[in-house]
Amino acid sequence: MNSHWKIITFFIICIAAGLGIGVGISKVVMNKKEVVQPVSQTKVKKTSETTPLVSDDVPSLAATGTDNASQSETVAVATDKAAAVPKPAYKCAVAPEGQADQWLAPVGPDYDLGKTYIPNHLVVLENYVVTSSSTMCLNASAALKLQVMESAMKAAGLHVVVSSAYRTANYQEGLLEKSEAKRDKIKNPYPLVALAGHSEHQLGMAVDLTAAPDYSLDNFINTPEYAWLELHSYEYGFIESYPSGSEAITGYSTESWHYRYVGVPNALAIHNQGITTYQYLKNLAIQESMQQKAAPIAGQQ
Ligand SMILES: [Zn+2]
């Protein structure tokens, strides 16, 4: 009997040992899986899907994110730090070569920029001032002056956020559709959004500004930031394009939040003459075309 028990005990030990080894092996396999899994999860998409627009006028801003191949390599090395990989820099649209810039055009219902017009020297606006998204562009000179103006406002305890800047004609078209669908035609008999090709935003010179407490366009007129801009924006080359009472002249509803950069000398002249930007630039365009017509006659004398 004793020898039988010894044989049975020996078999039980063998079975137990076999189970133990089996569990051990499966644990090792599981552990290996746990190690392998994060590597496959950290595969990062190539960045060729990002907007391939390139800005060539401000090299310091355009220096990052142009080489898709080198970006992919950087991402592959840093697989366990995928979250820390910086987002490729946004690229602004570039004007066709040789195109005359229309930055002083009297854009309005009767002035069409054309749907394909792209302004020169667009830069990423968020590199200059606070914006409500990281995909806004503005003319480089306007962006710099906006930064200077924002600093002056900050010194006065004020702060603005840009909610809209350069817009393509296509984007404008979509915006107009949405705005017109919900516009109260009695409260706002004039459109709040321009037709595609007829917007100052397409010039790359106009911004919509908002401020605390609610950062809404409608409430901007009640903020101390608006009161400050009414007194000082022209000193930095910015003019409120559609002031209250100018609807019949400009063809658009009043927009306390919309400012167009026209350069300091022009802004000073507009401020001193007490007229709208549209009227001033229309007069300027008439004067220029008269001078151009007069020039050959003067040359013949
Ligand atoms: Zn606007």
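The values are calculated or read from the model by the stated rules, or taken from the named source; none is laboratory data. Owing to the predicted nature of the structure, the values given are computational and were not obtained by experimental measurement. Every residue, glycine as well, gets a Cβ built from its backbone with ideal geometry; the counts of neighbours run over all protein chains shown.
Numbers below:
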read-out: Residue check, Met136 surrounded by 19 or more Cβ atoms within 10 Å (Cβ to Cβ) and in contact with a Ser or Thr (Cβ under 8 Å, 6 or more places away or on another chain); value: yes
read-out: Output for segment 225-240, where each listed residue is of a type in the set (Phe, Trp, Tyr) and in contact (Cβ under 8 Å) with a residue 40 or more places away in the chain; value: Trp228, Tyr236, Phe238
read-out: Scope segment 245-286; condition in contact with a Leu (Cβ under 8 Å, 6 or more places away or on another chain), among the β-branched types (Val, Ile, Thr) and at pLDDT below 95; matching residues; value: none
read-out: Some residue of segment 118-136 being more than 16 Å from the ligand (Cβ to nearest atom), touching a residue at least 12 places away in the same chain (Cβ under 8 Å) and more than 19 Å from the chain's Cα centre (by Cα); value: no
read-out: Residue in segment 196-224 that is farthest from the ligand (Cβ to nearest atom), counting only those that are touching a residue at least 12 places away in the same chain (Cβ under 8 Å) and small (Gly, Ala, Ser); value: Ala212
read-out: Residues of segment 225-246 satisfying the condition of being within 15 Å of the ligand (Cβ to nearest atom), in a helix (DSSP H, G or I) and within 28 Å of Asp112 (Cβ to Cβ); value: Ser233
read-out: Residues of segment 112-127 classified as out of contact with any Asp or Glu (no Cβ under 8 Å at 6 or more places or on another chain) and either assigned by TED's automatic domain parsing to the domain that holds Val160 or not charged (D, E, K, R) (or both), total; value: 9
read-out: Cβ-Cβ under 6 Å pairs, at least 6 apart or on other chains, segment 241-259 side under 19 Å from Asp110 (Cβ atoms), far side within 14 Å of the ligand (Cβ to nearest atom) and of a type in the set (A, V, I, L, M, F, W, C); value: Ser253/Leu192
read-out: Output for segment 250-285, where each listed residue is in contact with a Gly (Cβ under 7 Å, 6 or more places away or on another chain) and part of a helix (DSSP H, G or I); value: Thr250, Val264, Ala267, Tyr278
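Table: residues versus (1) of a type in the set (Asp, Glu); (2) under 30 Å from Asn120 (Cβ atoms); (3) exposed (fewer than 14 other Cβ atoms within 10 Å of the Cβ).
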{"residue": "Ala156", "(1), (2), (3)": "no, no, yes"}
{"residue": "Ser164", "(1), (2), (3)": "no, yes, no"}
{"residue": "Thr168", "(1), (2), (3)": "no, yes, no"}
{"residue": "Glu173", "(1), (2), (3)": "yes, yes, no"}
{"residue": "Glu177", "(1), (2), (3)": "yes, yes, yes"}
{"residue": "Lys185", "(1), (2), (3)": "no, no, yes"}
{"residue": "His198", "(1), (2), (3)": "no, yes, no"}
{"residue": "Gln202", "(1), (2), (3)": "no, yes, no"}
{"residue": "Glu235", "(1), (2), (3)": "yes, yes, no"}
